[in-house]
Each structure stands twice: as C-alpha cells, then as structure tokens.
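Report on the following structure.
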Amino acid sequence: MLKVSKSPIVITGGAQRIGLHCALRFAELGQPIVVSYRTPRDTLKQLDKAGVTCIAADFSHPDGVEAFTRTLNQRFGKLRAIIHNASSWHTEAEGIEPADLMQRMTQIHMVTPYLINRRCHNLLLANKPEATDIIHITDCVVEKGSYSHIAYSASKAGMDNMTRSFAKNYAPDIKVNAVAPALIMFNEGDTPDYQQHSLNKSLLKIEPGPEVIFETLCFLLNSSYITGRTIGLDGGRHIK
Ligand SMILES: NC(=O)C1=CN([C@@H]2O[C@H](COP(=O)(O)OP(=O)(O)OC[C@H]3O[C@@H](n4cnc5c(N)ncnc54)[C@H](OP(=O)(O)O)[C@@H]3O)[C@@H](O)[C@H]2O)C=CC1
Ligand SMILES: Nc1nc2c(c(=O)[nH]1)N=C([C@H](O)[C@@H](O)CO)CN2
C-alpha cells in the first residue's frame with residue numbers, strides 16, 4: 001500500500017473526517033504523521049494513541065500559518081510529504097458578507113498551502129534522496145464551477161493552479177499533485193433529499209467514504225513519475 005518513510009507526512013486539518021481517516025491509516029502502516037488541528041476534539045486522544053503528532057494551528061490569518069511552519073521547521077529536520085487537506089466549505093446562501101467569504105476561502109485554500117509550500121520547501125529537500133511530495137486536495141468543481149459555492153470553487157481552482165506552478169518550480173526533487181474529489185462523505189445533518197441529490201450527480205451514485213482518498217494518496221506517494229497532475233475522484237461526475 002505505501003513505501004513507509006522515517007520522515008513524517010504532514011496532513012493539515014487532520015482531527016476529523018477525511019484528514020483523520022487518512023492520518024490513522026498512515027499511522028497503522030507505521031508511517032510517521034503530523035496533523036494540524038484548529039478545534040480540539042476527542043479524536044485528538046485517538047490520534048495521540050496512534051502515535052500521531054498533533055499541532056494546534058488556526059490558518060484563518062497568515063500569522064497562524066507562519067506560526068505553524070515555524071513549528072514544523074523547529075521540530076522536524078525533514079518531511080516526506082505535505083498533504084493540504086484543511087478546508088472550509090461555505091456557500092453564498094449562508095449570508096456571509098461577500099468580501100469576508102472570499103477572504104476566508106482564499107485564505108484557507110490558497111494562502112495557507114502557498115505559505116506552507118514555500119516555508120517548508122527546505123524540509124522536503126532535506127529528505128533527498130528519498131522521494132518527496134506535495135498533494136493538494138481540491139474539488140471536482142474546479143473544472144466546471146459551482147452554482148452554490150462560488151468563492152469556495154474559485155479558491156479551490158487557485159489551489160489547483162498552484163499544483164502545476166509548484167510542480168514546475170520544485171521539480172525534479174519534489175512531486176506536486178492534486179486530488180479532486182466529488183462527494184466522499186456526507187456531513188452530519190445532510191437531509192435524505194440532499195443526500196439523494198448529491199448521489200445523483202455522479203454516474204456511480206455512491207458515497208465512497210474516505211478510504212478512496214487514502215488509496216489515491218498512497219498511489220501518488222508511491223509513483224516516481226507523476227507530477228503536475230490532478231487525479232479526479234468523482235464517480236464519473238465529470239462526464240455526466
Ligand atoms: N467531504 C467531501 O465529500 C468532500 C471533501 N472535499 C475536500 O476534501 C478535504 C477533506 O474534506 P472534509 O474531511 O470533509 O473536510 P472538513 O470540512 O471536515 O474540514 C477539514 C478540516 O479543515 C480544518 N480547517 C478549516 N478551516 C481551518 C482554518 N481556518 N484553520 C485550520 N484548520 C481549518 C477543520 O478544522 P476544525 O474543524 O478543527 O476547525 C477541519 O477539521 C477538504 O479539502 C475538502 O474540501 C472535496 C470534495 C468532497
Ligand atoms: N471542506 C469541505 N469541503 C467539501 C465538503 C465538506 O464537507 N468539507 N463536502 C463537499 C460535498 O461532499 C460535495 O462534494 C457534494 O455535496 C464538497 N467539499
């Protein structure tokens with residue numbers, strides 16, 4: 001499943017849902033993992049028991065991102081990979097002031113990965129000659145836009161574009177790729193009608209769960225010849 005490294009993999013937003021699942025699955029394989037979390041949750045005990053290093057970080061402002069990267073540089077001499085999972089999924093219908101909504105979306109989906117990639121470049125290079133990776137978790141909406149999540153979709157498209165820019169700039173030492181999911185796992189409170197509406201958007205019509213993300217991360221980490229690519233994980237939604 002994964003060529004395990006002694007150098008840690010960083011997963012941002014790893015205290016719940018997809019990030020939590022992937023952190024625990026990597027830890028099961030013996031892969032050292034560092035996660036960032038913003039809201040303290042009971043899952044931190046589970047992560048700690050699994051040997052995962054948990055670092056509190058609020059990426060709502062650049063200063064919080066810079067503090068996180070300083071901690072990484074102080075505590076770790078090298079990194080195997082950085083997986084940008086942290087994300088905030090807000091819609092225009094929630095009534096958040098437009099400027100505030102776009103600022104929040106660009107901050108978490110563009111400023112945060114940009115700063116972390118720049119500030120931790122040296123830590124990834126220090127892992128040579130072992131392979132190193134950056135993986136952006138974007139969204140299938142970057143291709144077609146979104147009726148309901150304009151700012152979210154635009155900011156994820158910015159992250160998608162950075163995949164190719166960082167791939168160009170960090171080659172040949174570091175591979176940079178993206179995973180673009182559609183529905184992976186519902187949120188608590190999603191109504192049966194909403195769930196059916198979401199399932200109908202793809203050809204395969206399933207809620208696959210977070211293991212499909214973990215499998216795809218392992219595929220990219222194990223590959224020696226993929227960079228600058230986006231792997232769509234959307235059940236065929238892109239051609240429906
Ligand atoms: N779930 C799905 O079906 C889909 C998911 N994706 C993408 O996959 C990734 C994982 O999805 P999912 O697990 O649902 O994500 P979540 O919505 O559960 O968010 C992941 C984490 O991001 C953290 N986060 C958000 N804003 C900040 C911030 N300002 N500072 C620090 N941390 C922050 C949250 O921390 P906290 O809660 O502690 O504040 C949360 O734990 C995301 O990038 C998402 O966009 C794409 C398509 C579908
Ligand atoms: N940060 C998040 N991003 C997204 C989420 C989520 O829960 N958190 N969920 C989705 C949906 O599953 C959507 O793909 C289908 O309804 C998208 N992004």
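The values are calculated or read from the model by the stated rules, or taken from the named source; none is laboratory data. Every value quoted in this text rests on a predicted model; they were computed, and no experiment measured them. Glycine gets a Cβ as well: all are built from the backbone with ideal geometry, and neighbour counts include every protein chain shown. Keep in mind that these areas ignore ligands, DNA and RNA; they rest on the heavy atoms of the full protein, side chains included. Shrake-Rupley method; radii C 1.70, N 1.55, O 1.52, S 1.80 Å.
Distance from the Cα centroid of the stretch 130-190 to that of the stretch 204-240 is 11 Å (rounded to whole angstrom).
Here r is the Cβ-Cβ distance between Met185 and Lys6 and R0 is 35 Å; the resulting FRET efficiency, rounded to 0.05, is 0.70. When a 1.4 Å probe is rolled over the protein heavy atoms, the share of accessible surface on the chain that falls to carbon and sulfur comes to 54 percent. Treating r as the C-beta distance of Ile231 and Arg41 and R0 as 25 Å, the FRET efficiency rounds to 0.30.
Remark on Val179: its backbone amide H falls under 5 Å from those of His136, Ile137, Thr138, Ile231, a criterion applied only to residues 5 or more positions apart or on other chains, H modelled at 1.01 Å from N.
Past 31 Å, Cα to Cα, is the threshold; run Lys45/Lys128; Lys3/Lys45; Lys3/Lys201; Lys49/Lys78; Lys3/Lys49; Lys6/Lys168 against it and keep the listed order.
Lys45/Lys128; Lys3/Lys201
In plain terms, the chain from Asn161 to Thr71 could stretch by 29.7 nm, reckoned as 0.36 nm per residue minus the Cα-Cα distance. Per-peptide packing, taken as the mean over residues of other Cβ atoms within 10 Å, places 193-202, 151-160, 170-179 in the sequence 151-160, 170-179, 193-202 from highest down. Relative to the Cα centre, the charge distribution of the chain, modelled as +1 at Lys and Arg Cβ and -1 at Asp and Glu Cβ, gives a dipole magnitude of about 920 debye.
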